[in-house]
1. What is the extension gain from A:Ser106 to A:Thr26, computed as 0.36 nm multiplied by their sequence separation minus the C-alpha to C-alpha distance, in nm to one decimal?
2. So how much accessible area does A:Glu16 have, in Å² to the nearest 10, using a 1.4 Å probe?
3. In straight Cα distance, which aspartates and glutamates are under 13 Å from B:Lys71, not counting same-chain residues fewer than 8 positions off?
4. Over every pair of different alpha-carbon atoms in the range B:1-83, take the mean of 1/r and invert it; report that Kirkwood radius in Å.
5. Would you work out if the range A:31-111 is rounded, prolate or oblate? Take a ≥ b ≥ c from the square roots of the eigenvalues of the alpha-carbon gyration tensor; rounded if a/c is under 1.5, else prolate when a/b is larger than b/c, oblate otherwise.
6. Let me spell out the model: positive unit charges on the Cβ of Lys and Arg, negative unit charges on the Cβ of Asp and Glu, origin at the Cα centre of the range A:10-64. What dipole size does that give, in debye rounded to 20?
7. Once you've got the GNM for chain A with C-alpha springs shorter than 10 Å, pick whichever of A:Leu13, A:Leu48, A:Leu75 has the biggest mean-square fluctuation.
Amino acid sequence: GNSVTQMEGPVTLSEEAFLTINCTYTATGYPSLFWYVQYPGEGLQLLLKATKADDKGSNKGFEATYRKETTSFHLEKGSVQVSDSAVYFCALLPTGNQFYFGTGTSLTVIP
Amino acid sequence: DTGVSQDPRHKITKRGQNVTFRCDPISEHNRLYWYRQTLGQGPEFLTYFQNEAQLEKSRLLSDRFSAERPKGSFSTLEIQRTEQGDSAMYLCASSPRTSPGNTIYFGEGSWLTVV
């Protein structure tokens, strides 16, 4: 079946620290992979995506590489800011119509 | 703002009452999705439409839930005889088509609290 497993949070980092949030998946076919971010009281916003193996998605200093051999799509940022505090969701879109989301990882960045 | 719009943003209702949520997708998007999100969890798929046709429904969508998209534009999600377990955020999303790598765009959600 299709599923996403995310690193459990919450994660607390100091400003300018390095961030990694792990995401692994199981899927049929060749899925596309996504990271969405949710700020308090808001809906989900697309952060980045990758559509095939070895693709790297990037946006706002965040990056994630689609690794088929390890079925992973880990999110990284070299230097986090207080404004990055949010919940991050990894998601996959198999060759169908339904997105599958992980449970989310809460990030708090302290000054 | 031409994003996905949801109404109401917050609804508190008594157990047993009916509630209805409305979603206006991005205008050129022909696919519309409903998801449910409970605290500490990721969104769970409920149903989606292509134009006015409801093409897929999750087993989460019990017979107390009904969704419509009568003219292929806005959609409504109705919950009848609400239960406390229905308390969640109901997210609507839309996309222009489904093909590998296509993004879905979420609204800000409608919070439901059943008391």
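The values are calculated or read from the model by the stated rules, or taken from the named source; none is laboratory data. Keep in mind the model is a prediction, meaning the values are calculated, not measured. FYI the Cβ positions are ideal-geometry reconstructions off the backbone, even for glycines, and counts take in every protein chain you see. The protein model used for the area step is the full one, side chains on, heavy atoms only, and it has no ligands, DNA or RNA in it. Shrake-Rupley method; radii C 1.70, N 1.55, O 1.52, S 1.80 Å.
1. Values: separation 80, 0.36 × 80 = 28.80 nm, distance 2.22 nm.
That works out to 26.6 nm of additional length.
2. A:Glu16 has an accessible surface of roughly 130 Å² with all protein chains in place.
3. B:Asp24, B:Glu52
4. Working: mean 1/r = 0.0740 Å⁻¹.
Result for the range B:1-83 stands at 13.5 Å.
5. Values: a/c = 2.35, a/b = 1.46, b/c = 1.61.
Since a/c reaches 1.5 but b/c is at least a/b, the shape of the range A:31-111 is classed as oblate.
6. On the way: 4 positive and 6 negative charges, 46 e Å.
Dipole about the Cα centre, nearest 20: 220 debye.
7. A:Leu13
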